[in-house]
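Q: What follows is a single structure, and I will ask about it in a moment.
The values are calculated or read from the model by the stated rules, or taken from the named source; none is laboratory data. Since the structure is predicted, the reported quantities are computational estimates derived from the model, not experimental observations. Here the Cβ positions follow ideal geometry from the backbone for every residue, glycine too, while neighbour counts run over all protein chains shown. Surface accessibility is based on the protein's heavy atoms, side chains included, excluding ligands, DNA and RNA. Shrake-Rupley method; radii C 1.70, N 1.55, O 1.52, S 1.80 Å.
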Amino acid sequence: MSELARFGVSLEKELLDKFDSLIRQRNYSNRSEALRDLIRQELVKKAWQAGDGEVAGAITFVYDHHGRALLNKITDIQHGFQDIIISTQHIHLDHDNCLEIVAVKGKPARLQRLADMLKSLKGVRHGILSMSSTGTEMA
Ligand code: NI
C-alpha cells in the first residue's frame, strides 16, 4: 500500500450534510473511503476518455433465446473480438431469455465498439457496458 497523505477540505455545510447522508445510504464506513471511491471513479472515467491506455470492463446483455440467427451473429461478433474478450458467461434466465456477461480488457474504443455491436442487434433486449479499470494504476 502506498503512503497515506492527509489534506483538509472546506465545504458548505449543506453540501457536507448531503455528502454524509449519501455516505450512510451507500454504507461507507467513513468520509475518506467515500472520497477515495469518488476519486477512483473519476480516474476510471478519465482513462476511458483518454483512450490510449488499457481498461477493463464487462458487457452485460439480455436477448431472445429463440432467435437462432441472433445466436449465430452474437457468436460471430465475439469471434472477431478475441483479442479483448477474457471470458464469456452464458446464463439461461428463463424459457425465453438468455443473459450473457462478457469480460473485456483492452483499448477503450475497441471495448465500446464490441458493446455497441452486441447492443444494437435485433433481439437484444437490453445491453450495458460497465466501464472499469485493470487496477494497475489505482492505489
Ligand atoms: Ni441461454
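Q: How many residues does the range 21-64 contain that are touching a residue at least 24 places away in the same chain (Cβ under 8 Å) and of a type in the set (Asp, Glu)?
A: 3
Q: Looking at the range 11-18, can you tell me whether even one residue there is open to solvent by 60 Å² or more (accessible area, probe 1.4 Å), outside any helix (DSSP H, G or I) and in contact (Cβ under 8 Å) with a residue 40 or more places away in the chain?
A: Among the residues of the range 11-18, not one is open to solvent by 60 Å² or more (accessible area, probe 1.4 Å), outside any helix (DSSP H, G or I) and in contact (Cβ under 8 Å) with a residue 40 or more places away in the chain, which makes the answer no.
Q: Restricting to the range 24-65, what's the tally of residues that are closer than 23 Å to residue 119 by Cα and open to solvent by 90 Å² or more (accessible area, probe 1.4 Å)?
A: The qualifying residues number 3.
Q: Moving to a separate point now. For a quick check of your reading of the model, give me the residue pairs whose first member lies in the range 73-92 and is over 19 Å from residue 122 (Cα atoms), whose second is open to solvent by 50 Å² or more (accessible area, probe 1.4 Å) and within 16 Å of the ligand (Cβ to nearest atom), with beta-carbon atoms closer than 7 Å and at least 6 apart or on different chains.
A: Taking only residues 6 or more apart or on different chains, the pairs are 89/101.
Q: Tell me yes or no: at least one residue of the range 105-121 is in a strand (DSSP E or B) and either at pLDDT 95 or above or of a type in the set (D, E, K, R) (or both).
A: Yes, there is a match, as at least one residue in the range 105-121 is in a strand (DSSP E or B) and either at pLDDT 95 or above or of a type in the set (D, E, K, R) (or both).
Q: Would you confirm whether any residue within the range 44-56 is at pLDDT 95 or above and in a helix (DSSP H, G or I)?
A: no
Q: Moving on. Which count do you get for residues in the range 83-122 that are farther than 15 Å from residue 60 by Cα and not hydrophobic (A, V, I, L, M, F, W, C)?
A: 9
Q: Hey, among the residues in the range 79-123 that are open to solvent by less than 80 Å² (accessible area, probe 1.4 Å) and of a type in the set (S, T, N, Q), which one's nearest to the ligand (Cβ to nearest atom)?
A: 97
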